[in-house]
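**Q** There's a structure below that I have some questions on.
Every number here is computed from the coordinates shown, using simple stated rules; none is lab data. Bear in mind that the values here come from a model prediction, so they are computed numbers and not experimental data. Neighbour counts are summed over all protein chains in view; Cβ atoms, including those assigned to glycine, are modelled from backbone coordinates with ideal geometry.
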Amino acid sequence: MTIMTCAGATATRAACTDGCTVEPALRGHHDRLLAVEHDADELIELMELAVTWGELEYADEPLVGPDRWVEFAATHLWVDPARAERIFSLAADVAARSVAPLRIQGVAA
């Protein structure tokens, strides 16, 4: 996966590329995801969403799901592409683990 850097050295916000395919209904969440690189509150919101993804029902909410977070990172320009990749990869991994059954010492909980 290649994550791209914003063109301007003084850029402070991520931007879409032609590869961004987020549906208009999800635009509010899309814009919040663009802020995670520089807004600690949005980063915390993303991590809380990831942690609770397998526990809470989000089907009726207009959200870009964790199955698309890594792709989301790859289809946007970032001030620090490596940081964006780490953020979205970690969040997607946490969300996947929140769905998987808990295991303690190799025994299903």
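**Q** Whole-Å semi-axes of the stretch 25-99's equivalent ellipsoid, largest first, each the root of 5 times a Cα gyration tensor eigenvalue?
**A** Numbers: eigenvalues 69, 37, 25 Å².
After scaling each eigenvalue by five and taking roots: 19, 14, 11 Å.
**Q** If you don't mind, there's one more thing I want to ask. Given R₀ = 35 Å, FRET efficiency for residue 59-residue 18 by Cβ-Cβ distance, to 0.05? Intermediate values should be presented prior to the final figure.
**A** Numbers: r = 29 Å, r/R0 = 0.84.
Efficiency for this residue pair is about 0.75.
**Q** Also: Whole-Hz ³J(HN,Hα) for each residue in the stretch 40-51, computed from phi via Karplus 6.51 cos²θ - 1.76 cosθ + 1.60 with θ = phi - 60°, x for glycine and proline: what do you get?
**A** Per residue, the Karplus-derived 3J(HN,Hα) values read 4, 5, 5, 4, 5, 4, 4, 5, 5, 4, 4, 5 Hz.
**Q** Whose amide H sits under 5 Å from the amide H of residue 77, counting only residues 5 or more places off or on another chain, with H placed in the peptide plane?
**A** 15, 16, 17
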